[in-house]
Amino acid sequence: MTLPRLDRVRPATRGPAVGAVLVLHGGRPEGHDAADGLRLPYLRMVPFARSLAAAGARRGVDVGLLRYRYRGWNAPDLDPVQDARWALRDVRARLGDVPVVLVGHSMGGRAALRAGGDDGVVGVAGLAPWIERGEPYEHLVDQTVLIAHGDRERMTSPQASRWFAGRVATISDRVARFEVLGDGHTMLRRAHAWHDLVTHFALGALGLEPFTEPVAKAMAAGDPDGLAVPLEDP
């Protein structure tokens with residue numbers, strides 16, 4: 001039986017954990033071949049997980065990088081959503097009822113947003129998320145949500161993520177969306193800016209530090225000004 005795997009990222013927490021971040025990699029619409037750790041979608045998220053662990057370990061934040069059973073979204077089964085929920089159960093079994101932030105890229109962003117209303121989740125970051133029109137959003141009521149999309153994106157739709165952010169902003173006053181100018185789906189040209197945005201968002205959503213000024217201002221501005229904010233370098 002194929003099982004998902006949660007790779008805990010070093011540096012690990014010392015002492016009791018006060019929160020957790022689950023990092024979800026990308027994939028493709030269909031496919032039941034194994035999602036192993038040597039594929040680019042997984043490797044693309046390793047630097048994000050390491051940045052989160054480096055900043056969060058001393059504050060008691062446990063970071064895990066989820067490895068799905070399969071590479072595909074596989075509707076109607078939604079395998080990565082099932083795997084994300086498995087990972088949430090794993091966190092609760094290991095750490096107790098600590099708050100959790102979900103960080104996902106592309107298909108992983110879609111999975112994170114789908115699981116974002118689950119018990120214990122206090123924040124969701126969708127990076128270049130794969131969003132389709134009609135994507136459900138009502139479960140994210142009062143949730144803390146960050147979306148970021150590059151303006152050179154060719155794989156997923158910035159217009160769809162803007163639409164989705166606008167829908168969520170009707171039911172939550174803690175929604176921010178950033179446009180990463182000069183970057184695309186791989187998030188490589190401005191990698192440091194992506195990592196910094198996500199790391200501080202996660203720590204803010206866990207209540208371990210205030211949100212950065214750009215994120216706080218975007219959330220306060222709401223739709224439209226807070227949902228198309230150019231991401232500045234840190």
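The values are calculated or read from the model by the stated rules, or taken from the named source; none is laboratory data. From a predicted model like this one, the values you see are computed outputs, not experimental measurements. Every residue, glycine among them, receives a Cβ derived from its backbone with ideal geometry; neighbour counts consider all protein chains shown.
Of the residues making up the stretch 22-53, those that are hydrophobic (A, V, I, L, M, F, W, C), part of a helix (DSSP H, G or I) and in contact with a strand residue (DSSP E or B) (Cβ under 9 Å, 6 or more places away or on another chain) are 45, 46, 48, 49, 52, 53. Do the conditions hold for residue 57, that is, is it buried (at least 23 other Cβ atoms within 10 Å of the Cβ) and assigned to a helix (DSSP H, G or I)? Criteria not met by residue 57.
Applying a threshold of 8 Å to beta carbon distances and a minimum spacing of six or more residues, or different chains, the list of pairs starting in the stretch 185-206 at a residue that is buried (at least 23 other Cβ atoms within 10 Å of the Cβ) and ending at one that is of a type in the set (D, E, K, R) reads 187/44; 194/183; 203/59; 203/209. Scanning the stretch 147-155 turns up one or more residues that are touching an Asp or Glu at 6+ places or on another chain (Cβ under 6 Å), more than 22 Å from residue 21 (Cα to Cα) and either touching a residue at least 60 places away in the same chain (Cβ under 8 Å) or of a type in the set (Gly, Ala, Ser) (or both).
Being modelled with pLDDT under 95 and either of a type outside the set (S, T, N, Q) or within 23 Å of residue 164 (Cα to Cα) (or both) holds for only one residue in 47, 41, and it is 41.
Output yes when any residue across the stretch 25-38 is within 30 Å of residue 192 (Cβ to Cβ), without any contact (Cβ under 8 Å) to a residue 24 or more places away in the chain and either of a type outside the set (A, V, I, L, M, F, W, C) or surrounded by fewer than 20 Cβ atoms within 10 Å (Cβ to Cβ) (or both), and no when none is. Working first, answer last.
At the first step, the residues of the stretch 25-38 found to be within 30 Å of residue 192 (Cβ to Cβ) are 25-28, 35-38.
Then drop every residue that is not without any contact (Cβ under 8 Å) to a residue 24 or more places away in the chain, which leaves 38.
If we keep only those that are either of a type outside the set (A, V, I, L, M, F, W, C) or surrounded by fewer than 20 Cβ atoms within 10 Å (Cβ to Cβ) (or both) too, we end up with 38.
Yes: the stretch 25-38 contains one or more residues that are within 30 Å of residue 192 (Cβ to Cβ), without any contact (Cβ under 8 Å) to a residue 24 or more places away in the chain and either of a type outside the set (A, V, I, L, M, F, W, C) or surrounded by fewer than 20 Cβ atoms within 10 Å (Cβ to Cβ) (or both).
Within the stretch 213-227, how many residues are buried (at least 17 other Cβ atoms within 10 Å of the Cβ) and over 19 Å from residue 150 (Cβ atoms)? The total comes to 2. With respect to the stated conditions, residue 183 is more than 17 Å from the chain's Cα centre (by Cα), farther than 23 Å from residue 117 by Cβ and of a type outside the set (A, V, I, L, M).
For the stretch 1-21, give me each residue that is farther than 14 Å from residue 60 by Cα and part of a strand (DSSP E or B). Within the stretch 1-21, 5, 6, 7 meet the criteria.
Residues considered: 98, 63, 91. Of these, the only one that is touching a strand residue (DSSP E or B) at 6+ places or on another chain (Cβ under 9 Å), assigned to a loop (DSSP other than H, G, I, E, B), farther than 25 Å from residue 225 by Cβ and not basic (Lys, Arg) is 98.
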